[in-house]
1. With a 1.4 Å probe and all protein chains left in place, how much of the accessible area of the range 133-192 comes from carbon and sulfur atoms, in whole percent?
2. Would you please put 162-170, 144-152, 98-106, 191-199 in order of how densely packed they are, using the mean number of other Cβ atoms within 10 angstrom per residue and starting with the highest?
3. Taking Cα pairs under 8 Å and at least six residues apart, what relative contact order does the chain come out at, in percent?
4. Compare H67, H86, H179 by solvent-accessible area with a 1.4 Å probe and give them largest first, with all protein chains kept in place.
5. Quick check for you: with a 1.4 Å probe and neighbouring chains kept, what is the accessible area per residue of the chain, in Å²?
6. Pop the C-beta distance of V250 and E28 into the FRET formula with R0 = 25 Å and round what comes out to the nearest 0.05.
7. Going highest first, how would you order 46-53, 171-178, 121-128 by mean Cβ packing within 10 Å?
8. Can you pull the accessible area of S55 for me, 1.4 Å probe, Å² to the nearest 10?
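The values are calculated or read from the model by the stated rules, or taken from the named source; none is laboratory data. The structure presented is a predicted model; accordingly, all values stated were derived computationally and were not measured. We place every Cβ from the backbone using ideal geometry, glycine too, and count neighbours over all the protein chains shown. Heads up: the accessible areas ignore ligands, DNA and RNA and are worked out on the full protein's heavy atoms, side chains in. Shrake-Rupley method; radii C 1.70, N 1.55, O 1.52, S 1.80 Å.
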Amino acid sequence: MRTPLVAANWKMNKTQAEAREYCRRFRELVPRDFPVELVLFPPFTALAAVREELSGTAIRWGAQNVHPEPKGAFTGEVSLPMLLEHGVSYVIVGHSERRHIFGESDEFIARKTKAVLGAGLSPILCVGERLEERKAGKARKVVEEQLSAALGHLTPEEASRVVIAYEPVWAIGTGVPAHPEDAQEMANFIRGWLKERFGNVAEGIRIQYGGSVKPANAGDFLRLPDIDGALVGGASLDPDSFFSIAKEAVP
Ligand code: 13P
């Protein structure tokens, strides 16, 4: 019922030339009728190159970040009208690196979420607890607060276009993924929260797992009932490795 969505978050990696090389290989690997939605998130500077290489394929691309205002004196930022020109379908909002390295607040992430939806695009909202929060038994509370801040004021129609990525902070880039049972438990909690807020729409909302997903462990997550895809960092930087992960999502 929910089409799996497997996404490559390249973070601050790849020049335009490297992005082109990646896309050419990736295009060869992915069959036309591949039953999993695939999205690449290059850095802003490689969006044009990725668009050129992937136009006419079923593979989509998106942006890793956005500023909620359409234009203005925000040095170093990129707006939705600028991204729309690059043909993006998705925008990542609330990634833990934005929250914790760049100090983005729940309120700012909520503005971004609303702006992305207003532009007709889909946000991938990242949520997840830190290790000390999990150890203190506060994982659900933290995730609930993040969901409530970013999505609480949306209409069911808006919510239906959101994708949620559960990425426990301690699993990102560490080589130590969550236990699949814990990931399923949190994804189920998230779906329950969505159901309470938005009713039946919740059944169609995709929830990804992210954090040290590799070809060898991807199947453990992608088979779980409430997990509909993966948001992959390090292991997405090689097209063959990323495609091996994507194949684990085939229903
Ligand atoms: P890693 O797959 O490198 O742990 O990164 C996960 C992530 O942050 C994806 O957004």
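1. 53 percent
2. So the peptides 162-170, 144-152, 98-106, 191-199, ranked by packing, come out 162-170, 144-152, 191-199, 98-106.
3. This gives 21 percent for the chain.
4. H179, H86, H67
5. 44 Å²
6. So the FRET efficiency works out to roughly 0.90.
7. Peptide ranking by packing, descending: 121-128, 46-53, 171-178.
8. About 70 Å², rounded to the nearest 10.
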